[in-house]
């Protein structure tokens, strides 16, 4: 099954606050995966919106990239970024938190990207800091703000891509693209 077929299969079940994690063969991605020993190097979260007509649902991802926290169409991201993508679905018992998680993430729009912490992670885990954020921190902060994670989770350190299984909030990852 190719990437388009996989995405078409899973697209209808992607919900707000599910996570999409990516992996490609760029030098940055390879370095992150080497250090973290995870198969992914970038975390974003799904945010669904109904278009004005009310009939079409667009799947956006909220992600922290070099220009800060931004929204992008998931389909565009998959199509234009030579990548593998994995879907982590929020467990059903947390469905009532989905909208609030997305709202908290959206409040972080415009927060600068945390380049320094990416390099600091080469030495070891970094403390969670909301003044600047790298990709996985956005979603960790949102989970803390809605009360699903304690600030002390992971010893107060930032989760890196591939570590959200540790929270117990998400189902096992499935290949999306």
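Since every read-out is calculated from the coordinates, none of them should be taken as a lab result. All values reported here derive from a predicted model rather than from experimental measurement. Virtual Cβ from ideal backbone geometry, glycine too; neighbours counted across all protein chains shown.
Take the Cβ atoms of residue 13 and residue 153, set R0 to 30 Å, and the FRET efficiency comes out at 0.65. Within the listed set 158, 105, 31, the Gaussian network model of the chain (springs between alpha-carbon atoms below 10 Å) gives the highest mean-square fluctuation for 31. For the chain, modelled as a GNM whose springs connect Cα atoms under 10 angstrom apart, the maximal fluctuation among 137, 63, 104 occurs at 104.
Extents of the chain, largest first, come to 47, 35, 29 Å (Cα atoms, principal axes, whole angstrom).
Each Cα pair under 8 Å and six or more residues apart adds its sequence gap; the mean of these over the residue count of the chain is a relative contact order of 28 percent.
Please give the calculated 222 nm ellipticity per residue for the chain, where each DSSP H segment of at least 4 residues contributes -39500 (n - 2.57) and the sum is spread over every residue; nearest 500 deg cm²/dmol? Display every interim value, and only then the final one.
Values: 6 runs with 51 residues, N = 177.
Rounded to the nearest 500, the figure is -8000 deg cm²/dmol.
Put a dot 7 Å past the Cα of residue 172, heading toward its Cβ, do the same for residue 107, and the two dots end up 3.5 nm apart. Among 128, 116, 87, the largest mean-square fluctuation in a Gaussian network model of the chain, built with springs joining Cα atoms closer than 10 Å, belongs to 116. Each part gets one Cα centre, and for the range 26-94 versus the range 136-158 those centres are 18 Å apart.
Here the chain carries DSSP beta bridges of which approximately 95% are antiparallel, counting only pairs with both residues inside.
For the pair residue 119 and residue 82 in one chain, pulling the backbone fully straight at 0.36 nm per residue adds 11.0 nm over the alpha carbon distance.
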